[in-house]
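Written below as structure tokens is the structure these notes are about.
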Amino acid sequence: MKLYQKEQIMKSLENAGMKIDIKPRLELKKSDEKAELYLYGDIIEDDYVWDKEKQYISSKKVKEQLDNLDGEDLLIHINSFGGMTFEGVSIFNLLMDYPGNIDVQIDGIAASAASIVAMAGKTIKGRSNTMLMIHKGWTWARGNADELRKVANMLEKIDAAADETYMKKFNGTKEELIALIGNETYLTAEEALEKGFYDEVIETPEDEVKPEASAKPEELQKPLSLFELHRINKEKQEAARKATNLFAKFKEE
């Protein structure tokens with residue numbers, strides 16, 4: 001992808017109010033009483049990564065971290081836009097097989113495949129400005145009618161696998177869940193709690209959100225929160241879709 005094309009896509013996303021940056025992090029922190037695993041960034045199968053210096057999340061990397069544990073309680077922190085669905089399913093299954101107790105905390109957003117990983121938590125929690133996003137699987141494809149039908153059939157199977165995972169937490173009917181997934185739904189923390197995906201919304205202490213008195217006005221300006229992103233208007237949503245289509249076009253070229 002040429003530099004100017006990448007800049008054009010990033011500019012389109014910014015115009016859509018989607019200037020969000022997640023610093024990749026896959027780190028295990030242990031203490032005498034508990035262990036914490038940070039899963040920040042893209043979920044990618046190892047075979048699809050050419051740059052071995054790239055920071056990403058894969059089932060292989062997660063397994064390596066789990067192998068360093070002895071079944072102690074584990075808190076998993078997630079901040080990810082997702083990635084490959086079956087890699088997310090694989091990570092989910094690894095966590096389900098872990099002998100100890102696992103809880104999940106959403107630190108920013110758990111979207112797409114990352115939302116599948118989150119479902120492995122015995123409990124799932126996040127602060128009020130975090131989000132969960134669920135949607136149908138998608139891909140790029142080219143070929144004749146028969147080949148495209150095979151791709152569509154594969155996507156339907158991927159969606160079915162994701163549906164079963166979400167239903168372990170969702171407190172509505174399967175039809176209601178399918179409707180949410182079909183609409184590519186962004187859920188605020190309160191909405192995720194209402195629908196059963198979250199077990200708790202963490203309250204932020206007042207002393208954590210008050211700015212220091214010495215701060216300058218321009219320093220107090222905050223980037224667009226995920227909660228505000230959920231409320232962007234239809235015009236901005238359309239700009240985001242155009243940016244995505246533009247990315248797909250460049251990817252094919």
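The values are calculated or read from the model by the stated rules, or taken from the named source; none is laboratory data. Predicted model, so just to flag it, every value in this text is computed and none were measured. Neighbour counts run over all protein chains shown; Cβ positions are idealised from the backbone, glycine included. These area figures cover heavy atoms from the full protein model, side chains too; ligands, DNA and RNA do not enter into them. Shrake-Rupley method; radii C 1.70, N 1.55, O 1.52, S 1.80 Å.
Holding the Cα-Cα limit at 24 Å, pick out from K23/K63; K29/K136; K34/K195; K136/K168 the pairs that are longer than that.
K29/K136; K34/K195
In whole percent, how big is the carbon plus sulfur part of the accessible area of the stretch 38-147, probe 1.4 Å, protein atoms only?
Looking at the stretch 38-147 in its full context, I get 45 percent from C and S.
Let me know the shape class of the stretch 64-144, please: from the alpha-carbon gyration tensor, a ≥ b ≥ c as square roots of the eigenvalues, rounded when a/c is under 1.5, otherwise prolate if a/b is greater than b/c, or oblate.
oblate
Full-extension gain between M96 and L69, please, as 0.36 nm times their residue separation minus the C-alpha to C-alpha distance.
That pair, M96 and L69, stretches by 8.3 nm at full extension.
Whole number in Å², please: accessible area per residue of the stretch 77-185, 1.4 Å probe, ligands, DNA and RNA not counted.
For the stretch 77-185, the solvent-accessible area averages 48 Å² per residue.
At 7 Å along Cα-to-Cβ for each site, give me the label-to-label distance between E191 and L155 in nm.
Here the modelled spin labels are 2.2 nm apart.
Sort 112-122, 176-186 by packing, meaning the average of other beta carbons within 10 Å per residue, with the highest value first.
The densest-packed peptide leads the list: 112-122, 176-186.
Collect residues whose amide H, placed 1.01 Å from N in the peptide plane, falls under 5 Å from the amide H of G137; neighbours closer than 5 in sequence don't count.
D159
What are the residues whose amide H is under 5 Å from the amide H of S128, where those residues sit 5 or more places off or on another chain and H is modelled from the backbone?
Amide H neighbours of S128, under 5 Å, 5+ apart: I202, T204.
Only Lys, Arg, Asp and Glu count, each charged at its Cβ (+1, +1, -1, -1), so figure out the dipole size of the stretch 70-135 about its Cα centre, rounded to 20 debye.
340 debye
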